[in-house]
Amino acid sequence: MTTCRVTSLTIFAKQRGRAGPPTVLFEDTSSGAPAMRTPGYNMAGPANEMQGDPAGNNLFTDPMANAAMMYGSSLANTGKDMVNKEFSRFVSVNKLKYFFAVDTRYVLKKLMILLFPYTHQDWEVRYHRDTPLTPRQDVNAPDLYIPTMAFITYILLTGMALGIQQRFSPEVLGLCASTALVWIIIEVLVMLLSLYLLTVHSDLSTFDLIAYSGYKYVGMIFTVLCGLLFGSDGYYVALAWSSCALMFFIVRSLKMKILPSISHDTMGTGPSNKPQFRLYITVATAVFQPIIIYWLTSHLVR
């Protein structure tokens with residue numbers, strides 16, 4: 001019996017030695033050693049299958065998706081055309097581009113004329129085939145670039161002046177900006193109404209009037225800067241200089257637009273043929289500029 005048991009144990013030990021290392025049912029994660037991989041399990045299989053899934057690419061080849069994209073694009077283009085059409089009914093884009101056709105040379109010369117108009121001799125606006133030359137070609141042509149930039153600079157300078165005086169707030173700055181804008185609108189409307197009621201025919205368009213009205217912001221910037229740097233004395237000296245320069249500029253510029261115009265609608269008995277009415281409009285427009293300059297700048301200097 002003892003011999004049989006020894007033989008059985010020997011056979012069992014040989015079988016265990018041939019079977020190799022035991023199979024690990026649970027991985028030991030208590031140590032920093034790398035985990036053992038169990039043969040027969042591929043953990044990267046589902047990820048590879050997800051990366052190779054062509055479902056995302058089918059979105060761009062789907063006929064319904066393409067049709068929806070084309071419809072959305074056509075709808076956006078239609079809306080853009082409608083906006084441009086409605087905008088063109090009130091504002092001529094080509095005419096608006098004319099007033100922004102400027103360059104650095106023109107801007108510098110125009111600023112010098114606005115501040116020192118007494119040295120300028122030729123005030124006549126030049127034409128080419130009955131079409132006025134662009135501002136970059138003629139320094140006497142009105143533009144909207146300088147008034148627009150001057151208006152923005154005036155608003156920024158107003159904010160700085162209010163901040164220096166510890167009176168800055170968004171509401172006050174918005175009120176100053178809206179007041180300056182309303183004054184230009186009122187001035188242009190009064191000018192158009194005066195020309196209409198007095199039946200004065202001229203080459204002045206609405207954009208021309210906006211340009212000439214907006215040139216006052218250059219003098220306003222100069223006045224406020226002198227007031228901030230040199231106090232109230234510097235403010236009043238700059239106000240007097242900029243007011244006289246602007247009035248001289250307005251009279252000489254509008255003189256070439258209003259005074260030489262002759263109405264051919266009447267036979268000489270109507271008020272449109274009386275030169276004094278054109279002169280009154282020109283002088284009134286020039287005299288009104290210093291009043292607006294003082295009204296919009298006096299509260300910024302203490």
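The values are calculated or read from the model by the stated rules, or taken from the named source; none is laboratory data. Predicted, not measured: the structure shown is a model, and the values here were computed from it. In this analysis, Cβ positions are derived from the backbone assuming ideal geometry, glycine residues included, and neighbour counts consider all displayed protein chains. The protein model used for the area step is the full one, side chains on, heavy atoms only, and it has no ligands, DNA or RNA in it. Shrake-Rupley method; radii C 1.70, N 1.55, O 1.52, S 1.80 Å.
Observations, loosely collected:
- Note on Thr199 and Arg302: the model spin-label points, each 7 Å out from Cα along the C-beta direction, lie 5.5 nm apart.
- Between Asp103 and His128, the contour length at 0.36 nm per residue exceeds the alpha carbon distance by 7.1 nm.
- Debye intensity ratio I(q)/I(0), log10, segment 109-177, q values 0.15, 0.16, 0.24 Å⁻¹ (C-alpha model): -0.66, -0.70, -1.01
- Given R0 = 22 Å, the distance between the Cβ atoms of Leu189 and Leu156 translates into a calculated FRET efficiency of 0.25.
- The heavy atoms of Phe230 offer some 140 square angstrom of accessible surface to a 1.4 angstrom probe.
- Inverse mean reciprocal Cα-Cα distance (Kirkwood Rh) of segment 197-239, Å: 12.3 Å
- Counting 0.36 nm for each residue step from Leu111 to Arg136 and taking away their Cα separation leaves a gain of 7.7 nm.
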